[in-house]
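Let me begin by presenting the structure, written as structure tokens, before commenting on it.
Just so you know, all these numbers are worked out from the coordinates, no wet-lab data involved. If you're wondering where the values come from, they're calculated on a predicted model, not measured in any experiment. Cβ placement follows ideal geometry from the backbone for every residue including glycine, while neighbour counts extend to all protein chains displayed.
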Amino acid sequence: MKSLNLLIVFLSELAVIGAVATWGFTLGTGWALRLLAGIGGPALMIALWWLFGAPHAPHKVHGAARVIFETGWFGAGAVALALAGYSVPALVLALVMAASKGLAVAWHQ
């Protein structure tokens, strides 16, 4: 079960990046802003994860700061999906991420 949970956490990380891209490409503004948000948003999320959240991040956060960072990072994915018009998948993503991260904390993953 612990290995399956790690897979779910990893897939949730990818889902956040995809959700932000979806939000960016579905903005109702001009194509230039959609392109910028659809590529730049995921790039920003990847950079933040690399800097602060990845296992070998150069500035990895711990403790309460980690909880705040991950809540914001994963929450941004769910909010982005909801803003793109996919409220039910956003809710499912948020619930799966919360359960999976809760198990990861309980299992010291």
Given labels modelled 7 Å from the Cα in the Cβ direction, how far is it in nm from Ala57 to Lys2? 2.2 nm
Taking the alpha-carbon set of the chain, what are its Rg and Dmax in Å? 14.3, 46
Report, to the nearest 10°, how far helix 87-106 tilts away from the longest principal axis of the Cα atoms in the chain, using its own Cα long axis and a range of 0 to 90°. 20 degrees
At 222 nm, what helix-only mean residue ellipticity would the chain give, in deg cm²/dmol to the nearest 500, using -39500 (n - 2.57) for each DSSP H run of four or more? -26500 deg cm²/dmol
